[in-house]
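FYI, it's all coordinate maths here, none of it is from the lab. Owing to the predicted nature of the structure, the values given are computational and were not obtained by experimental measurement. Quick reminder, even Gly has a Cβ in these numbers, built from the backbone with ideal geometry, and neighbours come from all protein chains shown.
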2 protein chains.
Amino acid sequence: MKEKELRRSLAVLPIGTVMKLTSLTARQIRYYEAQQLVFPERNEGNRRMYSLNDVDRLLEIKDYLADGVNVAGIKAIYDQQQQVAQAKAAAQQKPLTDEDVRRILQDEFIRQGGLGHPAPGMQRPL
Amino acid sequence: MKEKELRRSLAVLPIGTVMKLTSLTARQIRYYEAQQLVFPERNEGNRRMYSLNDVDRLLEIKDYLADGVNVAGIKAIYDQQQQVAQAKAAAQQKPLTDEDVRRILQDEFIRQGGLGHPAPGMQRPL
DNA sequence: CATTCATGTCAGATAATCTAACATCGGCGT
DNA sequence: ACGCCGATGTTAGATTATCTGACATGAATG
């Protein structure tokens, strides 16, 4: 399943396509980037280029906002997810301490509740 | 698996992206379209928009050309494939006659030999 | 050698995207 | 009520990407 990940993270979509796929305006998409919720790449001509993962994330952001979570809240969520991911990556280097395990598990349980939002690592079709 | 097909046939890529994914020039891509080997859609502004299936097909075309098959030959191949597809579709309507069966089977066997080209319906990992 | 096929290249026009700035609008605290 | 702030709309001017159409080229081939 390594190929699939690569495909989904390839930055191949211009913002116009992303607008259609997400029903967001260019203004919104750029604003979420300014708020560090998404990180599109840039092509040689400085145009933003998005991956399918980026589209997924934008749809997720849309859901969160519709549920009343504000941008700062969403950012906090993603920041935490990144910490978990880093912890997991580090865990593959050196075996983790008991405290690490506790922190990671706690983080994941925290994210369990909520409003029907996808658990971290879940991705929707397309 | 209906979703996957839909995804792969969604026209979301501009020609610049397709150029990178296929290592073809815009000139080549447009020429293959003029020769009816690919059929990109157009957006509201008349820009060509390609699907992942289109990218697959372009890579296939590249392989055929590298093997010495010329554009007319490739077109003939694709025309036949389309006939087969139509026959199969029709077969779901009314049961097919013996002659139909013979023609279809013959078509498929013809495509068996060759130079290591993908059988019809095969798709490479993008 | 003249053609044809596949591709390169160029020019002029149009579309898409960029940044930066200012406008709007709803909620919220004072 | 007033003013602030977060999220989004809108506009202008500049830049990049893509379009069509034409002409050029290099290799193969009769």
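Before moving on, here are some points about what is shown:
- The loop-placed trypsin sites (Lys or Arg not before Pro) in the stretch B:32-96, going by DSSP, that have at most 14 neighbouring Cβ atoms within 10 Å of their Cβ come out as B:Arg47.
- Cβ-vector label at 7 Å, A:Arg27, separations to other copies in nm: 4.3
- Sorting A:Leu21, B:Leu65, B:Leu58, B:Leu6 by the number of Cβ atoms found within 10 Å of their own Cβ, with the fewest placed first, yields B:Leu6, B:Leu65, A:Leu21, B:Leu58.
- Measuring nothing but how far apart in sequence close Cα pairs (under 8 Å, 6+ apart) lie, relative to its length, the stretch B:1-66 scores a relative contact order of 40 percent.
- Under 12 Å, Cβ to Cβ, from B:Ala11 - net charge with Lys/Arg +1 and Asp/Glu -1: +4
- Among chain B residues, the beta-carbon with the smallest distance to the axis carrying B onto A is reported, with distance in whole Å, as B:Pro14, 3.
- With its label point defined 7 Å out from Cα along the Cα-to-Cβ axis, A:Ala87 lies at 6.1 nm from the matching points of the other copies, in increasing order.
- Residue order, fewest to most surrounding Cβ atoms within 10 angstrom, among B:Lys20, A:Lys2: A:Lys2, B:Lys20
- Dipole size of the stretch B:1-66 about its Cα centre, with +1 on Lys/Arg Cβ and -1 on Asp/Glu Cβ: approximately 160 debye, rounded to the nearest 20.
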